[in-house]
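Below is one structure, written out as structure tokens; the observations come after it.
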Amino acid sequence: AQSVTQLGSHVSVSEGALVLLRCNYSSSVPPYLFWYVQYPNQGLQLLLKYTTGATLVKGINGFEAEFKKSETSFHLTKPSAHMSDAAEYFCAVTYQGGKLIFGQGTELSVKP
Amino acid sequence: DTAVSQTPKYLVTQMGNDKSIKCEQNLGHDTMYWYKQDSKKFLKIMFSYNNKELIINETVPNRFSPKSPDKAHLNLHINSLELGDSAVYFCASSQLPGRQETQYFGPGTRLLVL
């Protein structure tokens, strides 16, 4: 069965600091992994995804994530946080039929 | 030219009522989904249709009934609304029902049952 665990329901960083949001997965098949962002009162927007190939994946808005099979992790990073990055971030893995299985979400706050 | 749209955006109703939420996508996708986001922001899939055929039907009360009149539309009808149905409901679509496919989400319908 597939599952996703996001460590830390809330992460706070200062503007300009490194952003690190943690995601670990469990999958009975080679995983396809996604990070989505949800701004307040909006829908979800894809940041990046890993399917096959290069394990370091670059996404929109300067975010990237690295797939590490040995650690069953897919952590999201951004070198320098902006105020506009404040949002809820969801890691997800897909199952049959495209069913997205989400983690619990991590709320990112950015302090000036 | 919104890719995935939902109506209404907000829905406030009384317990016991019946309501519908509509979803439309103009991306030309074959697959559409309904997700529920609860008050703790946890997201869970409810249903998925591919080319008007139901392919995912999670453990959801049978008061919830999806309908797909064509590939571009997926509606959700809820009978006998209960307090616990209060949530945000998201529609999404993807080109195909594959694990590698990107799903595009609508803005959500915020349902409050009083």
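The values are calculated or read from the model by the stated rules, or taken from the named source; none is laboratory data. None of the values given here were measured: they were computed from a predicted structure. Cβ coordinates were reconstructed from backbone atoms using ideal geometry, including for glycine residues, and neighbour counts include every protein chain displayed. SASA here: full protein model, heavy atoms, side chains in, ligands and nucleic acids out. Shrake-Rupley method; radii C 1.70, N 1.55, O 1.52, S 1.80 Å.
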Exercise. Would you kindly identify the strands (runs of 3 or more DSSP E) lying entirely within segment A:30-85 that contain at least 2 residues that are more than 18 Å from A:Ile101 (Cβ to Cβ) and modelled with pLDDT under 95?
Key: none
Practice problem: Could you please give the count of residues in segment B:40-59 that are touching an Asp or Glu at 6+ places or on another chain (Cβ under 7 Å), under 13 Å from B:Leu74 (Cα atoms) and aliphatic (A, V, I, L, M)? | Solution: 1
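For (1) over 14 Å from the mean Cα position of the chain (by Cα); (2) under 24 Å from B:Tyr104 (Cβ atoms); (3) open to solvent by less than 40 Å² (accessible area, probe 1.4 Å); (4) more than 9 Å from chain B (Cβ to nearest Cβ), each residue gets a yes or a no:
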residue	(1), (2), (3), (4)
A:Val4	no, yes, yes, yes
A:Ser12	yes, no, no, yes
A:Pro40	yes, yes, no, yes
A:Leu46	no, yes, no, no
A:Glu64	no, yes, no, yes
A:Glu71	yes, no, no, yes
A:Tyr89	no, yes, yes, yes
A:Thr94	no, yes, yes, no
Quiz prompt | Scan of segment A:86-112 for residues that are in a loop (DSSP other than H, G, I, E, B) and more than 12 Å from A:Gln38 (Cα to Cα), ordered by number | solution = A:Tyr95, A:Lys99, A:Gly103, A:Gln104, A:Pro112
Exercise. Might you let me know whether segment B:103-112 holds any residue that is outside any loop (DSSP other than H, G, I, E, B), more than 17 Å from A:Phe102 (Cα to Cα) and basic (Lys, Arg)?
Key: yes
Practice problem: Test each condition in (1) surrounded by 14 or more Cβ atoms within 10 Å (Cβ to Cβ); (2) within 12 Å of chain A (Cβ to nearest Cβ) for B:Lys9 and report the one that comes out false. | Solution: (1)
Practice problem: Kindly provide the set of residues from segment B:29-50 that are of a type in the set (Gly, Ala, Ser) and open to solvent by less than 60 Å² (accessible area, probe 1.4 Å), ordered by number. | Solution: B:Ser48
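Tally the residues that are outside any loop (DSSP other than H, G, I, E, B) and open to solvent by 60 Å² or more (accessible area, probe 1.4 Å), restricting the search to segment B:51-69.
Residues meeting the conditions: 6.
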